[in-house]
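Following: one structure in C-alpha cells, then a few remarks.
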Amino acid sequence: MTTPTLPTVTPTPSPQSAHELAPYKTRSNEELIARITAVREELGDSLLILGHHYQQDEVVEHTDLRGDSYQLSEMAAQSETCRTIVFCGVHFMAETADILANRPDKLAARGGQRVRVILPDMAAGCSMADMAAISQVEAAWEDMSDVIDTERVIPVTYINSAASLKAFCGKHGGIVCTSSNARAVLQWAFERGDRVFFFPDQHLGRNTALTMGIGEDQMPVWDPYELELGGNEEQAIRDSRVILWKGHCSVHQMFRPEHVAQFRQQHPGIKILVHPECPREVNDLADVSGSTGLIIKTVKNSPPGTKWAIGTELHLVNRLKAEHPEQEIHFLSPVVCMCATMYRIDLPHLCWSLENLREGTPVNTIEVPEEVRKWSLVALERMLAVK
Ligand code: 13P
Ligand code: SF4
C-alpha cells in the first residue's frame with residue numbers, strides 16, 4: 001500500500017475573516033514566516049503558541065509547545081508568564097485552554113488579568129464534538145431517568161466536546177477524559193456510580209470499557225435521533241454498564257480491518273499502532289492503541305528497523321515517517337484520512353491573528369460564558385486529579 005499524499009486544496013476562509021485574510025493569502029510562505037517570527041520575538045514570553053500533533057508542519061514549526069489533548073490541557077493549566085495563548089488546534093481545545101488558564105486561583109495571582117485565548121480560524125471545529133449538542137444530551141438524560149436512577153449514572157465526556165457538555169458533567173457528578181486517561185477516568189466513575197453515560201465518541205468509550213472486562217452487550221448505543229430511549233429497549237438500558245453516545249470521528253472511522261489484514265499479509269512482522277477513536281474491529285486487531293502522545297512515544301522508543309502501520313491523522317503519521325527514517329512507517333489506509341478542520345489553521349490565519357494581536361485589535365478570542373466555565377472547570381479539575 002502506498003501512503004496517500006496530502007491534497008493541495010486550500011480550505012475556504014470562514015466568512016468572518018474572509019476579507020481581512022485576503023491580503024495574507026497572496027503572500028509567500030517566506031514572507032508570512034518572517035512576519036510571524038517578528039511578532040513572536042516582539043511579544044516574547046507574553047505569547048504562548050500551542051499546537052496539536054495533527055497540525056500541518058508549517059504551523060507546527062511556529063508553536064512553543066506541542067502535545068496531545070491531555071498534555072495541551074496541562075500546558076494551559078500551568079501557563080505562568082503568558083498573557084495570550086494562540087491555539088493551533090480546534091475549537092474545543094481553545095475553550096479548554098480558556099477555562100484552565102483563567103481559573104479563579106490563576107486570575108487572582110494575576111491581579112484579575114485574563115489570559116486571552118485565540119483560535120486563528122473560528123471554523124476549526126471538530127466534527128465529532130458537533131455530534132452531541134447540549135440540548136440532546138440533556139434530553140437523553142431526562143429520558144433515561146424514566147428507566148434508571150440517574151443519580152447513580154456518572155456522565156463522562158471526551159474532551160472533544162463543547163464546554164457546555166463538560167459543564168453538564170461537572171453539574172452531575174461527572175468528569176472529562178482524554179484518549180490518554182480514559183481507562184483511569186472510567187475507573188474513577190465506577191467508584192462513584194453504577195454506570196457511565198459516555199459521549200460523544202462511542203469508539204473511545206467502547207474500546208476503553210472492553211479493556212475493563214465490560215461486554216459489548218452491556219454497552220447500548222444511544223442514538224439522539226431516535227425518539228424512544230435512543231433506539232434501545234428498556235431492558236438494555238437497565239442492563240447497561242456504559243451507555244455510549246452515537247458519535248464518531250470521521251477521520252478515524254476510515255480505518256478498516258481489511259487494511260490491517262492487508263498490511264499483515266504484505267509486510268510480515270509489521271506492528272499496527274492506532275488511536276482508540278478507531279472502530280472496535282480495528283482497535284481489537286492492533287498491537288498498540290493510544291493517544292497521539294503515546295503513538296509518538298511508542299515509535300520513538302522502538303529499535304531501528306521496526307515496521308509500523310499507523311492508524312491516525314495523516315499529518316502526524318507523515319511527520320513520524322520523516323523524523324524516524326530508521327524505521328519503516330506506513331499509513332494504515334489507502335485513502336487520505338486528515339482532519340480537515342485542524343487543517344484550516346494555516347500560515348495566513350496564524351499571521352493574521354498574531355499581527356492583529358500585536359496591533360491591539362485581537363481577533364477570534366474564545367471566551368467561555370461564566371456559568372459554563374464554572375461547571376466545566378469542576379469536571380476538568382476532576383480529570384486532572386485522576387492519576
Ligand atoms: P489526542 O488526545 O490523542 O491528541 O486526540 C485528540 C484528537 O482529536 C484525536 O482525534
Ligand atoms: Fe475531531 Fe476527529 Fe479532527 Fe480529532 S481528528 S479533532 S476527533 S474530527
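Within the stretch 304-362, the residues that satisfy the criterion of being touching an Asp or Glu at 6+ places or on another chain (Cβ under 9 Å), within 13 Å of Leu273 (Cα to Cα) and of a type in the set (S, T, N, Q) are Thr306, Thr312. Figure legend. Inter-residue proximity from the stretch 236-255: first residues within 21 Å of Leu314 (Cβ to Cβ) and of a type in the set (Ser, Thr, Tyr), second residues within 16 Å of ligand 2 (Cβ to nearest atom) and part of a loop (DSSP other than H, G, I, E, B), beta-carbon distance below 9 Å, spacing 6+ or different chains. Indicated pairs: Ser250/Ser127; Ser250/Met128; Ser250/Cys337; Ser250/Cys339; Ser250/Ala340. Before we move on, is Ile295 of a type in the set (A, V, I, L, M, F, W, C), out of contact with any Phe, Trp or Tyr (no Cβ under 6 Å at 6 or more places or on another chain), outside any helix (DSSP H, G or I) and within 30 Å of Gly215 (Cα to Cα)? Against the criterion (of a type in the set (A, V, I, L, M, F, W, C), out of contact with any Phe, Trp or Tyr (no Cβ under 6 Å at 6 or more places or on another chain), outside any helix (DSSP H, G or I) and within 30 Å of Gly215 (Cα to Cα)), Ile295 does not qualify.
Which of the residues spanning the stretch 69-84 are away from ligand 2 (no atom under 16 Å from the Cβ) and either surrounded by 21 or more Cβ atoms within 10 Å (Cβ to Cβ) or of a type outside the set (Asp, Glu) (or both)? Met75, Ala76, Ala77, Gln78, Ser79, Thr81, Cys82, Arg83, Thr84, listed by residue number. Within the stretch 193-222, the set of residues being part of a loop (DSSP other than H, G, I, E, B), surrounded by 15 or more Cβ atoms within 10 Å (Cβ to Cβ) and not hydrophobic (A, V, I, L, M, F, W, C) comprises Gly193, Pro200, Asp201, Pro220. When Asp239 is tested against (1) within 13 Å of ligand 1 (Cβ to nearest atom); (2) more than 20 Å from the chain's Cα centre (by Cα), just one condition goes unmet, and that condition is (1). In the stretch 247-282, of all residues being within 16 Å of ligand 2 (Cβ to nearest atom), buried (at least 19 other Cβ atoms within 10 Å of the Cβ) and not hydrophobic (A, V, I, L, M, F, W, C), the one that is nearest to Ala209 (Cα to Cα) corresponds to Pro276. Only one entry of Leu100, Leu50 meets the criterion of being more than 26 Å from His248 (Cβ to Cβ), crowded, with 21+ Cβ neighbours inside 10 Å and within 16 Å of ligand 1 (Cβ to nearest atom), and that entry is Leu100.
Okay, residues lined up against (1) within 21 Å of Phe87 (Cβ to Cβ); (2) within 16 Å of ligand 1 (Cβ to nearest atom):
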residue: Ala108; (1), (2): no, no
residue: Arg114; (1), (2): yes, no
residue: Cys126; (1), (2): yes, yes
residue: Ala129; (1), (2): yes, yes
residue: Ser135; (1), (2): no, no
residue: Met144; (1), (2): no, no
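Each value in this text was obtained by applying a stated rule to the coordinates, not by laboratory testing. In this text the structure is predicted, and so the values were computed from the model without any measurement. So basically every Cβ, Gly included, is an ideal-geometry build from the backbone, and we count neighbours across all protein chains shown.
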